[in-house]
Amino acid sequence: MYKYTVSPDNSQTYVLSIANHQDIVPAITAFCKRTGITSGEIRGLGAVNKAVIRYYSPVTKRYEDHEFSEQMEIASLTGNISTKDGEIYLHIHAVFGRSDCSCIGGHLLDATVSGACELFVENLNVKAGRKYDEETGLNLYLL
Ligand code: FE
């Protein structure tokens, strides 16, 4: 599903490689559980052939999901790791590059690796929980 290694100079920095054909979000979640990371930063790149990107409307307080089934570069992926109700909670945004080099992006629900997915994960070792916020309709940081 994935491979990882930790920096010998900084035991909080991990290099994470998600295998071809795997879904990115469950792989990162499994990695967090295995390493015990409950707060952190994720950044990386790669390629996918399917992605579901969400757009959050503050008016309706709902996500609108958009599915794309095509080969795309992960031009940039950025995210954070926290917990909600004792479970790992990932908040990931991504920009995907299409074959004509135009980009789409937003809140990442999930995506399937097609080629490679190379991530750096920084364990921040802080208490970072989340709680539902009535005003915004979002699960905001509880720091
Ligand atoms: Fe988001």
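The values are calculated or read from the model by the stated rules, or taken from the named source; none is laboratory data. Every value quoted in this text rests on a predicted model; they were computed, and no experiment measured them. We place every Cβ from the backbone using ideal geometry, glycine too, and count neighbours over all the protein chains shown. Quick note on the areas: whole protein, heavy atoms, side chains included, nothing else; ligands and nucleic acids left out. Shrake-Rupley method; radii C 1.70, N 1.55, O 1.52, S 1.80 Å.
Residues of region 73-87 being within 16 Å of the ligand (Cβ to nearest atom) and open to solvent by 30 Å² or more (accessible area, probe 1.4 Å), which ones? Ser76, Thr78, Asn80, Lys84 - these are the residues of region 73-87 that are within 16 Å of the ligand (Cβ to nearest atom) and open to solvent by 30 Å² or more (accessible area, probe 1.4 Å).
Hey, does region 112-121 have a residue that's open to solvent by less than 80 Å² (accessible area, probe 1.4 Å), aliphatic (A, V, I, L, M), free of Cβ contacts under 8 Å to residues at least 60 places away in the same chain and away from the ligand (no atom under 12 Å from the Cβ)? Within region 112-121 (the criterion being open to solvent by less than 80 Å² (accessible area, probe 1.4 Å), aliphatic (A, V, I, L, M), free of Cβ contacts under 8 Å to residues at least 60 places away in the same chain and away from the ligand (no atom under 12 Å from the Cβ)), the answer is no, since none of the residues qualifies. Strands (runs of 3 or more DSSP E) fully within region 6-72 that include at least 2 residues being among the basic types (Lys, Arg) and either touching a Pro at 6+ places or on another chain (Cβ under 6 Å) or open to solvent by less than 20 Å² (accessible area, probe 1.4 Å) (or both): none found. Taken together, Lys127, Lys131 contain a single residue that is touching a residue at least 24 places away in the same chain (Cβ under 8 Å), among the basic types (Lys, Arg) and more than 24 Å from Val15 (Cα to Cα), which is Lys131.
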